[in-house]
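Presented below is the structure to which this report refers.
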Amino acid sequence: MIEFHQVHKTYRTGGRDVPALQPTQLEIASGEVFGLIGHSGAGKSTLLRLINRLEEPSGGRILVNGEDVTALDADGLRRFRQRVGMIFQHFNLLMSKTVADNVAMPLRLAGIRSRSEIDARVAALLDRVGLKDHARKYPAQLSGGQKQRVGIARALATEPSILLCDEATSALDPQTTASVLQLLAEINRELKLTIVLITHEMDVIRRVCDRVAVMDAGAIVEQGPVTEVFLHPKHPTTQRFVLEDEAMDESEMHDDFAHVPGRILRLTFQGDSTYKPLLGTVARETGVDYSILSGRIDRIKDTPYGQLTLALIGGDMAAAMTRLQAADVHVEVLR
Amino acid sequence: MEALFSSLLGNVDWYEIWLATLDTLLMLGGSLLFTIILGLPLGVLLFLSGPRQLFENGPLYAALSFVVNVLRSLPFIILLIVMIPFTVLITGTSLGVAGAIPPLVVGAAPFFARLVETALREVDRGIIEATQAMGATTRQIIFSALLPEARPGIIAAITVTAITLVSYTAMAGVVGAGGLGDLAIRFGYQRFQTDVMVVTVVLLLVLVQVLQSVGDRLVTHFSRK
Ligand SMILES: Nc1ncnc2c1ncn2[C@@H]1O[C@H](COP(=O)(O)OP(=O)(O)OP(=O)(O)O)[C@@H](O)[C@H]1O
Ligand SMILES: [Mg+2]
């Protein structure tokens with residue numbers, strides 16, 4: 001478990017104070033995939049880098065599995081860092097070393113001397129990330145996705161319990177992003193590894209995260225389970241992310257629906273209810289007619305969800321509303 | 001053909017040339033070795049104490065920088081003369097190959113240190129950060145990440161320094177160091193034996209060419225592109 005107790009950070013550059021993180025309270029459970037989303041400069045990297053003290057906090061305490069990380073001396077900090085893997089947007093592999101030597105590096109730095117032990121670990125790691133045949137290559141000979149896989153193998157070399165990912169997929173194309181995210185999700189499951197990942201893409205959060213925190217101007221403005229935060233966003237920043245993701249502008253949408261008659265609703269289905277034939281049943285029973293104005297059926301990590309905007313016309317409107325509200329869906333009346 | 005050759009190069013004593021070449025190579029090798037031994041740590045220290053680096057230390061950086069700048073701004077010919085008492089102190093002589101090496105090193109090491117500093121600055125900060133995040137000590141960061149990553153740049157720096165040293169060795173001839181430069185000045189310049197001058201210059205040129213192409217090849221090899 002990672003706990004932030006009133007942790008804050010102010011950078012001092014050229015005699016000027018730049019507040020990057022407001023006093024923050026945060027708990028990340030062991031074994032979960034925790035997402036941090038926010039616009040550029042929101043303080044995501046700062047928060048992440050405080051966890052392994054690549055940045056020193058200006059105040060507050062950070063506990064990892066009960067251990068006060070902020071109180072560690074240089075030696076303790078080095079041992080702690082060996083238990084925290086990290087991957088980066090630009091991979092940060094050593095260009096002068098082969099793939100195998102890059103992956104072996106944390107082991108060598110940790111003082112493991114046995115050649116056979118290192119070789120065996122490296123081979124197993126490269127096999128795990130699907131790069132068995134690339135051990136003798138140099139990073140410059142790999143694609144972006146392959147480089148990030150090397151980064152992941154390297155981060156896992158010392159069998160850490162936490163993996164920090166700073167925009168690990170931001171430099172990759174959508175397809176490669178998907179495969180790297182899948183690898184992260186698998187690793188999370190297999191190794192019971194806690195993953196903290198930063199992104200500014202909703203899609204990344206939706207694919208792998210269990211919980212998410214939305215950051216804005218150095219503060220966490222909203223946090224909770226991904227389904228909760230993204231299906232029912234409360235803070236304006238979160239709402240903007242959701243809309244951006246749907247490539248839809250609220251005002252534009254209202255203009256479009258201006259000449260649609262009837263009552264306009266937004267229904268949010270989640271889990272099993274997503275696949276139930278609710279609309280047809282209600283329409284048949286109450287005589288209302290419906291038309292779907294916009295909608296999306298997708299998954300958030302392992303949870304299927306649907307979000308539909310409908311217009312209801314005619315029939316017994318009151319009965320239809322009661323019937324919908326009684327069902328296992330979230331109903332919002334837009335007009 | 002052979003007759004033409006020997007009449008054109010009538011003043012050239014090939015044995016003398018051979019000895020001078022050997023002297024130049026010895027001076028070059030010896031001074032390059034000590035330049036690297038002194039300049040590399042100095043360059044690393046310059047880098048580490050520099051602004052926004054691992055061991056940021058304003059006063060230390062300013063002091064090192066100042067000494068380096070002073071030594072670099074001194075014309076080598078002045079350094080050669082100023083250094084004589086010091087050279088005698090450590091090598092027992094100010095003449096010959098041994099006498100030339102201390103001023104060559106003092107002239108080249110600060111230059112080399114600056115080039116090393118620049119090469120280290122070219123290393124992506126992200127790589128240092130990734131190494132820190134693995135729990136590396138500062139020592140490990142220097143030896144396992146910084147120096148290997150800067151290797152192509154450092155080899156290029158050694159190449160440039162070696163070539164600079166070739167021209168310095170020629171100047172060192174003035175204080176009786178021997179070598180090809182000395183030959184060129186004594187025979188070619190002072191006795192108007194143009195053929196000797198041409199031969200020595202060609203040999204120096206070949207030396208520079210060889211150094212450059214070997215250096216370039218190593219840089220390409222270690223760039224791992
Ligand atoms: N080393 C630093 N020195 C001074 N200011 C900094 C430093 N690092 C970050 N900042 C400032 O702190 C604030 C938060 O930066 P941070 O890098 O945490 O944002 P971010 O959310 O990760 O943004 P991005 O999405 O662009 O990576 C910004 O205003 C930034 O300019
Ligand atoms: Mg960032």
(request) Please state which one of B:Ala177, B:Ala145 is surrounded by 20 or more Cβ atoms within 10 Å (Cβ to Cβ), in contact with a Ser or Thr (Cβ under 8 Å, 6 or more places away or on another chain) and in a loop (DSSP other than H, G, I, E, B). (result) B:Ala177
(request) Looking at (1) within 16 Å of A:Gly31 (Cα to Cα); (2) away from ligand 1 (no atom under 16 Å from the Cβ); (3) within 14 Å of the chain's Cα centre (by Cα), find the lone condition where A:Glu186 falls short. (result) (3)
(message) Where the second residue is basic (Lys, Arg) and more than 16 Å from ligand 2 (Cβ to nearest atom) and the first is more than 14 Å from every other protein chain (Cβ to nearest Cβ) and lies in segment A:196-214, which pairs have Cβ atoms under 8 Å and are six or more apart or on separate chains?
(response) A:Arg206/A:Arg299; A:Arg206/A:Lys301; A:Arg207/A:Lys301; A:Val208/A:Lys301; A:Cys209/A:Lys301; A:Asp210/A:Lys301
(request) Test A:Val69 against the stated conditions and say whether it is assigned by TED's automatic domain parsing to the domain that holds A:Thr158, among the β-branched types (Val, Ile, Thr), touching a residue at least 24 places away in the same chain (Cβ under 8 Å) and away from ligand 1 (no atom under 16 Å from the Cβ). (result) no
(message) Among the listed residues A:Met105, A:Met95, identify the single one that is within 14 Å of another protein chain (Cβ to nearest Cβ), buried (at least 17 other Cβ atoms within 10 Å of the Cβ) and closer than 17 Å to B:Ala136 by Cα.
(response) A:Met105
(request) Could you list, in sequence order, all residues of segment A:36-66 that are more than 16 Å from ligand 1 (Cβ to nearest atom) and of a type in the set (Val, Ile, Thr)? (result) A:Val64
(message) Quick test of your reading of the structure: A:Ser114 fulfils all but one of (1) within 14 Å of chain B (Cβ to nearest Cβ); (2) without any contact (Cβ under 8 Å) to a residue 24 or more places away in the chain; (3) hydroxyl-bearing (Ser, Thr, Tyr). Name the failing condition by number.
(response) (1)
(request) Just give me the residues in segment A:46-87 being in a loop (DSSP other than H, G, I, E, B) and within 16 Å of ligand 2 (Cβ to nearest atom), in sequence order. (result) A:Asn52, A:Leu54, A:Glu55
(request) Mind telling me which of the residues B:Ala184, B:Ala136, B:Ala156, B:Ala170 ends up being assigned to a helix (DSSP H, G or I) and either at pLDDT 95 or above or among the polar types (S, T, N, Q) (or both)? (result) B:Ala156
(request) Scan segment B:127-141 residue by residue and report those that are more than 7 Å from chain A (Cβ to nearest Cβ), more than 15 Å from A:Asp101 (Cβ to Cβ) and crowded, with 19+ Cβ neighbours inside 10 Å. (result) B:Ile128, B:Ile141
(request) Working only within segment A:9-35, note down all residues that are near ligand 1 (Cβ under 8 Å from one of its atoms) and either closer than 21 Å to A:Thr169 by Cα or among the hydrophobic types (A, V, I, L, M, F, W, C) (or both). (result) A:Val18, A:Ala20, A:Leu21
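This table checks each residue for (1) buried (at least 19 other Cβ atoms within 10 Å of the Cβ); (2) not β-branched (Val, Ile, Thr).
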| residue | (1), (2) |
| --- | --- |
| A:Lys137 | no, yes |
| A:Gly144 | no, yes |
| A:Ala155 | yes, yes |
| A:Thr158 | yes, no |
| A:Leu163 | yes, yes |
| A:Ala171 | no, yes |
| A:Val180 | yes, no |
(request) Test A:Phe80 against the criterion of being buried (at least 21 other Cβ atoms within 10 Å of the Cβ), of a type in the set (Phe, Trp, Tyr), at negative phi and within 8 Å of chain B (Cβ to nearest Cβ), and give yes or no. (result) no
(message) Is it the case, given these coordinates, that A:Gly35 is surrounded by 16 or more Cβ atoms within 10 Å (Cβ to Cβ) and either in a strand (DSSP E or B) or within 16 Å of ligand 2 (Cβ to nearest atom) (or both)?
(response) yes
(message) Out of B:Thr200, B:Thr137, I need the residue that is under 30 Å from B:Ser49 (Cβ atoms) and hydroxyl-bearing (Ser, Thr, Tyr). Which one?
(response) B:Thr137
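The values are calculated or read from the model by the stated rules, or taken from the named source; none is laboratory data. From a predicted model like this one, the values you see are computed outputs, not experimental measurements. Neighbour counts are summed over all protein chains in view; Cβ atoms, including those assigned to glycine, are modelled from backbone coordinates with ideal geometry.
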